[in-house]
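What follows is one structure encoded as structure tokens, with my remarks underneath.
The values are calculated or read from the model by the stated rules, or taken from the named source; none is laboratory data. Computed from a predicted model, the values in this text were never measured in an experiment. Cβ: placed from backbone, ideal geometry, glycine included. Neighbour counts: every protein chain shown. Accessible surface is based on the protein model in full, side chains and every heavy atom, while ligands, DNA and RNA are left aside. Shrake-Rupley method; radii C 1.70, N 1.55, O 1.52, S 1.80 Å.
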Amino acid sequence: MVEISLEGKVLITGKIRAETGLSIGGATVGLDIGGVDNPVVKDAEGKPYIPGSSLKGKMRSLLEKSNDLAKDESRVWVVKPTEKGEKGISIHLCNDPDCEVCNIFGRANGEFPKIDNNKRSKISDESVRIENTTPTRLIVRDAVLSGESAEKLRELKTDLEFTEVKWENVIDRITSAANPRQMERVPAGAEFEFGMIYNVFNEQDKDNLKQVFKSLELLEHDYLGGSGTRGYGRVKFGDIKVYWNSKADYESGDVMKTPINGEYKTPASIVKNFEAIREEIR
Ligand SMILES: [Zn+2]
């Protein structure tokens, strides 16, 4: 393993706006007393939020697809599917020291089973040994509802506090029977504040930062949370600020100075002008 020492940290902040209703599920609660069967995940104050893990997982899977790493032969089971029918989780993992996805999201040593060629939901006899442990560069925080949005949603007096409830007809694919369900969602227009930390250990990490913004671009053309095929979960990122804090800045306490992305505040404009922004990371 290559020796690793921190050169600095890139901090990214900004807003995520729900362009359509957003349904990121928490645990089902209160069904027996007429509750909603697809509740939105909420914090201790009852405000909906976007878990950092959901955001990061989506960014990773979109990058895997876009970088041609999502094929079955490039993926392994990190959570195995069970005989009882519980779905496993498969992701891309490899030993290539230059792999952008593995470097950004990290990899841990271990033996991971591959996906069966004939039955995609099954485990193959073959496995991949990962022996190139890499620290995760990207940390994604939970995105919290902005104060302004919380205020507006309170005034709106939605069905539930901060959220609305919609009846959806879900068709059972086997029996074709319609199965009406109540879906809870965060109304379109709600804004969340997000934060990400990107650790920089070497020159390649500085180049790879572009991939982080590329994944946000891809996410704007995909969806976040559930029911994306029914139009839920369209999001837009805006008001992005990118800060570079070098090791020396931490030494002097001179951190979080001027954002290095200037007037480029959307994922697409940052990707387009990445070379200039990259030059500021030194
Ligand atoms: Zn890889």
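Only residues that are open to solvent by 80 Å² or more (accessible area, probe 1.4 Å) and within 30 Å of ILE240 (Cβ to Cβ): list them for the stretch 165-185, please. Answer for the stretch 165-185, where residues must be open to solvent by 80 Å² or more (accessible area, probe 1.4 Å) and within 30 Å of ILE240 (Cβ to Cβ): there is none. For the structure I just gave you, tell me whether PHE162 is touching a residue at least 60 places away in the same chain (Cβ under 8 Å), within 19 Å of the chain's Cα centre (by Cα) and open to solvent by less than 30 Å² (accessible area, probe 1.4 Å). In short, no. When the stretch 68-114 is filtered for residues that are more than 17 Å from GLY57 (Cα to Cα), assigned to a strand (DSSP E or B) and either within 15 Å of the ligand (Cβ to nearest atom) or modelled with pLDDT under 90 (or both), the ones remaining, listed by number, are GLY110, PHE112, LYS114. Here the helices (runs of 4 or more DSSP H) wholly within the stretch 192-282 that include at least 3 residues being under 24 Å from ASP98 (Cα atoms) and open to solvent by less than 20 Å² (accessible area, probe 1.4 Å) are 203-220.
Within the stretch 115-137, which residues are away from the ligand (no atom under 14 Å from the Cβ), over 21 Å from VAL200 (Cα atoms), of a type outside the set (D, E, K, R) and surrounded by 12 or more Cβ atoms within 10 Å (Cβ to Cβ)? Within the stretch 115-137, ILE115, ILE123, SER124, SER127 meet the criteria.
Any residue in the stretch 44-57 that is surrounded by 19 or more Cβ atoms within 10 Å (Cβ to Cβ), within 16 Å of the ligand (Cβ to nearest atom), of a type in the set (Val, Ile, Thr) and in contact (Cβ under 8 Å) with a residue 24 or more places away in the chain? Within the stretch 44-57, none of the residues are surrounded by 19 or more Cβ atoms within 10 Å (Cβ to Cβ), within 16 Å of the ligand (Cβ to nearest atom), of a type in the set (Val, Ile, Thr) and in contact (Cβ under 8 Å) with a residue 24 or more places away in the chain.
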